[in-house]
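Written out below as structure tokens is the structure these notes cover.
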Amino acid sequence: MLQAEHLRLLPSPSLGTTYVYDFPGLTLRSPEYPLGRRVVVVANDITYKIGSFGPVEDQFFCLITQYAWKFGLPRIYLSANSGARIGLAEEALPLFSVAWNVDERPEKGIKYLYLSRENFLELKEKGGNSVRTVEIEVDGERRYKITDIIGLQDGLGVESLPRL
């Protein structure tokens, strides 16, 4: 578990939030603190997934906020982001098929997403429970209708979405 007291990060290739503590030259001065005081700065890294917040960044932001509260330090949040991030289960993208409402007219919408038996087995080999399905048969073809996409990667951000 990350401990806020130990975090002194600069941009990270796997985290979309940057934390800078005791930033050189950054001192807040006020009548109460004529010599200045330390501050905690949290900023989104716009170069990492357009600065979006996922579960990992949210946890990190919370830890830094708790650190600032614990030591009575001002926290400055510099925001350059696109909002919340909802990730994609990359392992499923090339494998699913679409059952259209009207086969020749995709603009009429979709009935459901599904996996062929072959693609269902391939996805199972990659990671077991990446998707949840219900087996159905359509015109003699066995299909695995996708009911839930969980993904192999932790922190895709879909955990907070309601199930319809």
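Scanning segment 48-81 for residues that are modelled with pLDDT under 80, hydroxyl-bearing (Ser, Thr, Tyr) and surrounded by 13 or more Cβ atoms within 10 Å (Cβ to Cβ) gives 48, 52. Scanning segment 39-55 for residues that are out of contact with any helix residue (DSSP H, G or I) (no Cβ under 8 Å at 6 or more places or on another chain) and within 15 Å of residue 76 (Cα to Cα) gives 39, 41, 43. Inspection of segment 56-64 finds a residue satisfying the criterion of being of a type outside the set (Phe, Trp, Tyr) and either touching a helix residue (DSSP H, G or I) at 6+ places or on another chain (Cβ under 7 Å) or assigned to a loop (DSSP other than H, G, I, E, B) (or both).
Out of all the residues in segment 71-90, is one or more closer than 30 Å to residue 145 by Cα, among the acidic types (Asp, Glu), touching a helix residue (DSSP H, G or I) at 6+ places or on another chain (Cβ under 8 Å) and in contact (Cβ under 8 Å) with a residue 40 or more places away in the chain? Break it down stepwise before answering.
From segment 71-90, those closer than 30 Å to residue 145 by Cα are 84-90; that's our starting set.
Narrowing further to those that are among the acidic types (Asp, Glu): 90.
The next check asks that each one be touching a helix residue (DSSP H, G or I) at 6+ places or on another chain (Cβ under 8 Å); those that pass are none.
Checking segment 71-90: not a single residue is closer than 30 Å to residue 145 by Cα, among the acidic types (Asp, Glu), touching a helix residue (DSSP H, G or I) at 6+ places or on another chain (Cβ under 8 Å) and in contact (Cβ under 8 Å) with a residue 40 or more places away in the chain.
Quick check on this structure: which one of 84, 99, 43 is surrounded by 13 or more Cβ atoms within 10 Å (Cβ to Cβ), closer than 30 Å to residue 109 by Cα and at pLDDT 75 or above?
Working: 84 fails: at pLDDT 75 or above; 43 fails: closer than 30 Å to residue 109 by Cα.
Every option except 99 fails the conditions.
The values are calculated or read from the model by the stated rules, or taken from the named source; none is laboratory data. Since the model is a prediction, treat every value here as computed from it, not as a measurement. No Cβ is skipped: glycine too gets one built from the backbone with ideal geometry, and neighbour counts run over all protein chains shown.
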